[in-house]
Amino acid sequence: MKSYAIYDEGLDRESAIGYLFYYEKAKSFIIELCKDLDEWDAPLLFQGLVRKGIYTVSRDISLMWVKERVIPSGRQNIGSILKNYKMKEYSEMALLSLSKGRCSQDSCYIAEVSEEKIPETIKDRMRKNVCECFQTEDKQLVCMFKDDTVRKVDLTRLIERYKDILYVLKNKELLDSVQVGVGGYSIVFNESIEIQSYDLREIGLLLPLTANDFYNFVSRNIVDATQACEMLQCSRQNLSYLVKEDKIKPVICGTKENMYLRGELERIMNE
């Protein structure tokens, strides 16, 4: 991840108005605005968010801000421009870095900063992002956050904000596709339907568990086929037979090896 401070020369302030984070593998941008930024001092694209008290800019709006400041990929002579800058392929981040984020629409610019230079207030905000997420039998979600809290989220409570959730709830395959988005700022269904982390925290029911509780459970209670055979004192062939006869249900079915719950194996041992 690369970090950039966003400054505005048109304002009477020396400190940054926000920070731009670029996730290189995903080629995604996220902007975190400083909470002391006034609505009228915010860049035009962000004024509506600041008015609502939202200082974390979603991935799509962050990309819009970046695209306002770089040469569009569809420009007629883009090939010559890339060649002139010795670029092998089009990259918003590379072009943004070359121009230091300056454009004719405002007086903002960016400057690369180390992680140590990012304010603690921004880091604290980032620690509230999602780190893990999975669905329950009743089509709700359990979200684990980086600050070690766990919340159960009723997706129906977010339908007014995210209309596409209706499709998610009606389609099991779509619901099963849930994964944590870039940087934990959101969860994503089918790599297209995105729900922001701060909305999940707002409506989620806080559970009396921590993320570490889940990690401890997995590390102590999930065993592989070798461990299962040792516990049951049987061969892999016998283990496969028990699975086939539905005596044991793998918690994870892998292409090479299944994973099992220790408690279920202990139950079989005691029968």
A careful count of residues in region 80-98 that are assigned to a loop (DSSP other than H, G, I, E, B) and open to solvent by less than 70 Å² (accessible area, probe 1.4 Å) gives 3
Residue pairs within 6 Å by beta carbon, gap of at least six or interchain, first lying in region 150-162 and in contact (Cβ under 8 Å) with a residue 12 or more places away in the chain and closer than 27 Å to ASN212 by Cα, second open to solvent by less than 40 Å² (accessible area, probe 1.4 Å) and assigned to a strand (DSSP E or B), listed first then second, are VAL150/MET144; ARG151/CYS143; LYS152/VAL142; VAL153/LEU141; VAL153/CYS143
Taking region 27-36 as the region of interest, how many residues are under 20 Å from LYS100 (Cβ atoms) and outside any strand (DSSP E or B)? 2
Test ARG13 against the criterion of being open to solvent by less than 70 Å² (accessible area, probe 1.4 Å) and basic (Lys, Arg), and give yes or no. yes
Select, from LEU242, LEU265, LEU200, the only residue that is surrounded by 16 or more Cβ atoms within 10 Å (Cβ to Cβ), hydrophobic (A, V, I, L, M, F, W, C), in a helix (DSSP H, G or I) and in contact with a helix residue (DSSP H, G or I) (Cβ under 6 Å, 6 or more places away or on another chain). LEU265
Applying the selection to region 11-35, what residues are among the acidic types (Asp, Glu) and free of Cβ contacts under 8 Å to residues at least 12 places away in the same chain? ASP12, GLU14
Can you find a residue that is farther than 20 Å from LYS27 by Cα, in contact with a strand residue (DSSP E or B) (Cβ under 7 Å, 6 or more places away or on another chain) and not in a loop (DSSP other than H, G, I, E, B) anywhere in region 99-108? yes
Only one of GLU14, GLU39 is closer than 14 Å to ALA111 by Cα and assigned to a loop (DSSP other than H, G, I, E, B). Can you tell me which? GLU14
Go through region 245-262 and give me each residue that's part of a loop (DSSP other than H, G, I, E, B) and either open to solvent by less than 100 Å² (accessible area, probe 1.4 Å) or aromatic (Phe, Trp, Tyr) (or both). GLU245, ILE248, PRO250, VAL251, GLY254, GLU257, ASN258
For region 124-180, what are the residues that are part of a strand (DSSP E or B) and not β-branched (Val, Ile, Thr)? CYS131, GLU132, CYS133, PHE134, GLN135, LEU141, CYS143, MET144, PHE145, ARG151, LYS152, GLN179
Would you check if there is a residue in region 60-79 being touching a helix residue (DSSP H, G or I) at 6+ places or on another chain (Cβ under 7 Å), acidic (Asp, Glu), surrounded by 13 or more Cβ atoms within 10 Å (Cβ to Cβ) and assigned to a loop (DSSP other than H, G, I, E, B)? no
Kindly indicate the residue of region 46-59 that is part of a helix (DSSP H, G or I) and within 22 Å of SER97 (Cβ to Cβ) and also least open to solvent (accessible area, probe 1.4 Å) among those meeting that condition. PHE46
Is there a residue being under 26 Å from the mean Cα position of the chain (by Cα) and under 30 Å from LEU155 (Cβ atoms) anywhere in region 241-251? yes
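The values are calculated or read from the model by the stated rules, or taken from the named source; none is laboratory data. Keep in mind that what you see is a predicted model, and the values were worked out from it rather than measured. Backbone-built Cβ (ideal geometry, glycine too); neighbour counts: all protein chains shown. All accessible areas refer to the heavy atoms of the entire protein, side chains included, with ligands and DNA or RNA removed. Shrake-Rupley method; radii C 1.70, N 1.55, O 1.52, S 1.80 Å.
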